[in-house]
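Structure first, commentary second.
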Amino acid sequence: MRKECGSGQSVQYKAVGSQKQSVRTTVRSERSNLKERSYRLKRKGDSQEHLYNHTDMMEVDGDVEIPPNKAVVLRGHESEVFICAWNPVSDLLASGYASQHNHTDMMEVDGDVEIPPNKAVVLRGHESEVFICAWNPVSDLLASGSGDSTARIWNLSENSTSGSTQLVLRHCIREGGQDVPSNKDVTSLDWNSEGTLLATGSYDGFARIWTKDGNLASTLGQHKGPIFALKWNKKGNFILSAGVDKTTIIWDAHTGEAKQQFPFHSAPALDVDWQSNNTFASCSTDMCIHVCKLGQDRPIKTFQGHTNEVNAIKWDPTGNLLASCSDDMTLKIWSMKQDNCVHDLQAHNKEIYTIKWSPTGPGTNNPNANLMLASASFDSTVRLWDVDRGICIHTLTKHQEPVYSVAFSPDGRYLASGSFDKCVHIWNTQTGALVHSYRGTGGIFEVCWNAAGDKVGASASDGSVLLHPLELETQNSLGAEASWILGLSGLSARVGIAG
């Protein structure tokens, strides 16, 4: 999908009672019906699946348009409203929605690993759901992106006041000679390797570069429609973006100019990942993966084999193997040395949303540890894979709803996972044991570790940002003496500090 991140990161409704995965099903049927005019937005969370089509920008004659002040909005539901029906003999209107409150609200977690909710401090800021978060690679700055058309940079260093320092990055567009809020979701975030610049992608079709002080440095405009993914290369001179317009673009980070646009996909491009400083892979709802190089007018490699849209792709730390996951419920490993996949890993029984390689093995700071791959699925499980042998070594089953994000700690010894069951779990990657768990009040869209390995970020759907304390162990087992977990959710973020 992925994530759309914004009121738009990855972006099915079948019937009213279908709840979670049903939103994705609808998008597929609607897409086939509307063809070129409708696109599935890559957005996390079932409430984030919707259609983007050209009618969004269609002008209507003023004689037939109903002004907003003539409409009555009925508020009360806590999630998407899928159906409504008038009473045939009176002015009674019935509506139905998929409640997020189900049996998972009563899921029990061992008290030894559960993080108590009374250690949370609320940080006010965002005015809508927070769909994505990303740690600065060299400092305790956390960036977040929201459906309120802003990104924010939170200072969570020890000398800040309870993380209350925040910079608001308002995403505006020029209209009538003035800057006005874009009213579009911030869908992607990525810091450059030096931690000096933050790139954001929005559903308004623009990528933007900001300084860590919150100043807008460049606006990058060439996509026609929402941006779904955005990544800096390691050198920091190029930014790569993917959009609903079926293209990927390499941008010059210094000038803000588009170096090259790659129009090779036949449907929206959902994810991108750099192999080197000038070579990258992209995936799409067209079921194809293209490997492209700056200056080349055709893909240097195309991988085909998935039978449904490809949601995410990731190069391993050496850049030799490419992992991909799909709605076809498979995880595939590819090599530039051959056309067919090296491994076709089949174990999940629903769509696989995202994947992450461990920061271990050759080419990493942990060369003596084995390389692993984590996959997160709508079947509510996370799986850890030994890619060399092509086998699943651990199945992590504590989640009760779709898992949208996974992230390894910097040493690869722990894995954080976030699910729409409102839980962030932290697992021991060697044993598969659950070592810590935090239950929030909103579905989790994204999890991420900071560079020191003592803080975890998690973005969620419920409309709050909290600082949340954790009783974590020492560096030998999980981070440092003072450990944190942070969750961003809607209007606030949670972070935890352990003594």
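Taken together, the values in this text are just the output of simple stated rules run on the coordinates, not laboratory data. Treat the numbers as computed from the prediction; the structure is a model and nothing was measured. Positions of Cβ are backbone-derived with ideal geometry, glycine not excepted, and every protein chain shown enters the neighbour counts.
Past 26 Å, Cα to Cα, is the threshold; run Lys231/Lys332; Lys235/Lys332; Lys184/Lys350; Lys422/Lys455 against it and keep the listed order.
Result: Lys235/Lys332; Lys184/Lys350 exceed 26 Å.
Using only alpha-carbon positions, what ratio does the radius of gyration of segment 121-467 give when scaled by 2.2 N^0.38 Å?
Normalised Rg, Cα atoms only: 0.94.
What does the charge dipole of segment 121-467 about its Cα centre add up to, to the nearest 20 debye, if the Cβ of each Lys and Arg holds +1 and the Cβ of each Asp and Glu holds -1?
That gives segment 121-467 a dipole magnitude of about 460 debye.
What are the chymotrypsin sites (Phe, Trp or Tyr not before Pro) within segment 340-406 that DSSP puts in a loop, where the Cβ has at most 11 other Cβ atoms within 10 Å?
Passing both the DSSP loop test and the Cβ count: no residue.
For the residue pair Thr211 and Leu74, what label-to-label distance in nm results when each label sits 7 Å from Cα along the Cα-to-beta-carbon direction?
That separation, rounded to one decimal, is 5.2 nm.
Please compute the modelled spin-label separation between Asn349 and Asn368, points set 7 Å along Cα→Cβ, answer in nm with one decimal.
The two pseudo-label positions are separated by 4.1 nm.
What order do you get for 437-446, 266-275 when each peptide is scored by the mean count of other beta carbon atoms within 10 Å, highest first?
With the highest mean Cβ count within 10 Å placed first, the list reads 437-446, 266-275.
Alpha carbons only, please: Rg and Dmax for segment 320-377, in angstrom.
Reported Rg and Dmax, both Å: 12.4, 34.
Could you order peptides 125-132, 392-399, 280-287 by the average number of other Cβ atoms within 10 Å of their residues, highest first?
Put in order of decreasing packing, that is 125-132, 280-287, 392-399.
On alpha-carbon atoms, Rg over Rh for segment 296-353 using Kirkwood Rh?
That ratio equals 0.98.
Using a Förster distance of 56 angstrom, determine the FRET efficiency expected from the C-beta separation of Asp179 and Arg389, and round it to 0.05.
The formula returns an efficiency of 0.55 here.
Please give me, ordered by residue number, the GluC sites (Glu not before Pro) of segment 150-225 that lie in loop per DSSP and have at most 14 other Cβ atoms within 10 Å.
Here the GluC sites (Glu not before Pro) that fit, given the DSSP loop and packing criteria, are Glu158, Glu194.
Can you list which of the trypsin sites (Lys or Arg not before Pro) found in segment 307-379 are DSSP loop residues with at most 10 other C-beta atoms within 10 Å?
When the trypsin sites (Lys or Arg not before Pro) of segment 307-379 are filtered for loop state and at most 10 Cβ neighbours within 10 Å, Lys337 remain.
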